[in-house]
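Presented below is the structure to which this report refers.
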Amino acid sequence: MDRMVTIEDAREVSNVIIDSIDPISILVFGSVSKKGFGEDLDLLIIVDDIAEKTSDIHLKTYKCLKNYY
């Protein structure tokens, strides 16, 4: 990314992911979680892989994130 990522960016991306794959939880870690900004966004996305094939979850997540990088 050419600009700094903020906690607001993390919220926006998380909402897009929530709408698409309905995860159990999304955790933000790294510099954005500690300082509120950073060079990249570190997310841990927890899903119920029993409900859907893992490959489908990966594809949906990729489609959600492609507008952000």
Sorted peptide list for 4-16, 55-67, criterion being average Cβ within 10 angstrom, highest first: 4-16, 55-67
K63: which lysines have alpha carbons under 26 Å from its alpha carbon, excluding same-chain residues fewer than 8 sequence positions away? K53
Students often get this wrong, so try it: which of [x] 73; [y] 52; [z] 64 is percent of Cα pairs over 15 Å apart as calculated from the structure shown? [y]
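Once fully extended, how much extra length lies between N15 and S55, figured as 0.36 nm per residue of separation less the alpha-carbon to alpha-carbon distance?
Working: separation 40, 0.36 × 40 = 14.40 nm, distance 2.07 nm.
In short, 12.3 nm is gained.
With only Lys, Arg, Asp and Glu charged, each at its Cβ (+1 for the first two, -1 for the last two), find how big the charge dipole of the chain is about the Cα centre; round to the nearest 20 debye.
Working: 8 positive and 13 negative charges, 27 e Å.
Around 140 debye, computed over the chain.
Laboratory data are not the source of any read-out in this text; all were calculated from the coordinates shown. Everything numeric here is computed off the predicted structure, so don't read it as measured data. Ideal geometry is used to build each Cβ from the backbone, glycine not excepted, and the neighbour counts take in all protein chains shown.
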